[in-house]
Amino acid sequence: MCGIFGLISQELVSSSDVLKSLKHLEYRGYDSYGIATDTGLFEKDVGEIKLTSSNNCNIAISQTRWATHGGVTKENAHPHHDCTGNVLIVHNGIIENYMEIKENLQTLGHKFQSETDSEVIAHYFEEGIKAQNVEETISDFFNEAKGTFSVLLFIKGSDRLYAFKRDSPLVIGIGNRGFFIASDPYAFSQLTQDVVFLEDDEYAVLTKSRFSIFDKSGKELSRGKNKIELQKEESRGKYEHFMLKEIHEQPESAEKLLESLETRQKENLLAIADAIKNSQKAIFVASGTSYYASLLGVYFLKKAGIESQAIIASEFKDYANCNEALVIALSQSGETMDVIDALKHAKQGSARIASFVNVPYSTIQRMSDLSLQTEAGQEICVASTKSFSNQIILLLTIAKELGYKINLRKIAGEIKSVFALENGIRTLAHGLKDKHDIYIIGRGLSYPVSREIALKLKEISYIHAEGMMGGELKHGTLALIEKDTPVIALIDNNESIVSNVREAQARGARIIALTNRKEKLFEEEIKIAAESDAGFAILATIVGQLLAYYIAKEKGLPIDKPRNLSKSVTVL
Ligand code: M6R
């Protein structure tokens, strides 16, 4: 994961401004950070980015880290340098064969200061440029390194900034007086809209007045620039956390999406619906929350008479036969490496790629033959909330094009009705905050919702939670139900779920029913005003989001940046 940001400028730039840009990438990893400049600054620390640095520079590289190799320490934070301290690098990705490279370098006398895979890059270049220039060493690195990398490198005393990448993203921003380069355009979207994306196995050489892009063999490439418009979300407004703000934004984001699907995105919507109808098979691929949304996609398409399947991205290669398939990727970030890897695999065969992404210009969108945007707006909290409900609405709209009967006109109003339940959910959160385990059960379209609510409880509230098919309880998990074990039961119109809930209740479970049924079934109930089953899925999820939020708040947890996680998961 990690976010990297660098710049080369004709004017002096303050290091705190560099870190301000880096801060926009903090959602990619936030356990430590650092910066190095051509004017001698070399600063790193653990924890979130502090903007107190004061140094003026023309070249800077910086990184915000999500640890993979080596613990969260100052030594392991980026930038890294070689033995002389002259070669400085920041890296996003994993050098899989770093041990082999490191051992070779150690036999040549190199001493390492960190436990990271990344540090080998600096030493590799120290060794390489003894015999050849930096460009030639980049070509060698492409041939020798295995794994994923986007790297920014500069050498003290030189007036060039180098960037090279494989799999991890890199984008150049064209400024008035120089260039920016970052893991994604959010880092500099407030400074320029003109960007150039680097593709895999390419490198860029940037000076203060121009930049050139080369393939890995050193052949210069011509590349047009793109103009991007990114809506950047900076403030939490009246909300204490981005998570709560993003939960509350769901009525507006739903309306925005629906409006775009009737206008700007109409053509692409019809093209994707057509591609699904005409494909031999449709396979959804996604991770985490987006995977649960894609399970709902399978459900909705089935209702429209179309068979499809959803395969979790990290297992895609072993489970999907995607010849002649339409592979549909769902991703908030558009950068999830498991999904990118699955799509690369699919592309090797005869699959076509469609995607639903929230972040425009993201790698997954650029890899796709057809793409729709989920239009949820920037989501800052690590936990996906508004992007999930918009993924569902998007899937419903496609299913509707294909014959599923659903009326989405009232969905924004239905979502708003959940917020009237917030005080009750807060009280429930207080009562559940010390529980070690919570079970959530559902059937049919409530099954993916149960998984999604469990994920929210785990990542935000740090409570072990299991979301499962109600019918599966009796096949094993029922053994874990004791007196007062909380079981959140998602009771929509599916008839069998009530029997499953009774089975748990008979073993002493505390049943918390989340239902849109009129009749009273259980003592403890949260009634949601969903008219359709699909509406139930969205509204029940939002109750789950609020529950996870208020439990985490009761526990004083770092809600927007939960431990060990990052918003954009760019490693395999
Ligand atoms: O950006 P993506 O939708 O591809 O991300 C997939 C998962 O990493 C993501 O949904 C993750 O599970 C969230 N933290 C869940 O809230």
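Here is a yes/no grid of residues against (1) under 22 Å from THR374 (Cα atoms); (2) acidic (Asp, Glu):
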| site | (1), (2) |
| --- | --- |
| ILE213 | no, no |
| LYS219 | no, no |
| ARG223 | no, no |
| ILE228 | yes, no |
| GLN231 | yes, no |
| ARG236 | yes, no |
| TYR239 | no, no |
| PHE242 | yes, no |
| GLU246 | yes, yes |
Quick one: which residue in GLY297, GLY305 is in contact with a helix residue (DSSP H, G or I) (Cβ under 9 Å, 6 or more places away or on another chain) and either open to solvent by less than 30 Å² (accessible area, probe 1.4 Å) or at pLDDT 95 or above (or both)?
GLY297
When you scan region 138-184, how many residues do you find that are on the phi > 0 side of the Ramachandran plot and open to solvent by 30 Å² or more (accessible area, probe 1.4 Å)?
2
Going by what's in this entry, would SER32 be described as among the polar types (S, T, N, Q) and surrounded by 24 or more Cβ atoms within 10 Å (Cβ to Cβ)?
yes
I want to confirm something. Restricting to region 338-355 and keeping residues that are under 13 Å from the mean Cα position of the chain (by Cα) and buried (at least 24 other Cβ atoms within 10 Å of the Cβ), which single residue is farthest from the ligand (Cβ to nearest atom)?
ILE340
If we keep just the residues of region 362-401 that are open to solvent by 30 Å² or more (accessible area, probe 1.4 Å) and part of a loop (DSSP other than H, G, I, E, B), which is nearest to ILE453 (Cα to Cα)?
ILE380
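Evaluate the following for VAL359: is it buried (at least 24 other Cβ atoms within 10 Å of the Cβ), of a type in the set (A, V, I, L, M) and either more than 15 Å from the ligand (Cβ to nearest atom) or at pLDDT below 95 (or both)?
For VAL359, the condition - buried (at least 24 other Cβ atoms within 10 Å of the Cβ), of a type in the set (A, V, I, L, M) and either more than 15 Å from the ligand (Cβ to nearest atom) or at pLDDT below 95 (or both) - is met.
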Answer yes or no as to whether LEU258 is open to solvent by 30 Å² or more (accessible area, probe 1.4 Å), aliphatic (A, V, I, L, M) and either modelled with pLDDT of 95 or more or within 16 Å of the ligand (Cβ to nearest atom) (or both).
yes
Would you confirm, using the coordinates I've provided, whether ILE283 is in the same structural domain as SER389 (by TED's automatic domain parsing), under 22 Å from the mean Cα position of the chain (by Cα), over 24 Å from LEU261 (Cβ atoms) and not in a helix (DSSP H, G or I)?
no
Inside region 433-458, can you point out the residues that are assigned to a helix (DSSP H, G or I) and surrounded by fewer than 23 Cβ atoms within 10 Å (Cβ to Cβ)?
ARG451, LEU455, LYS458
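The values are calculated or read from the model by the stated rules, or taken from the named source; none is laboratory data. Not measured: the values here are computed from a predicted model. Heads up, the Cβs are rebuilt from the backbone with ideal geometry, glycines too, and the neighbour counts pull from every protein chain shown. Surface areas here come from the heavy atoms of the whole protein model, side chains and all, with no ligands, DNA or RNA. Shrake-Rupley method; radii C 1.70, N 1.55, O 1.52, S 1.80 Å.
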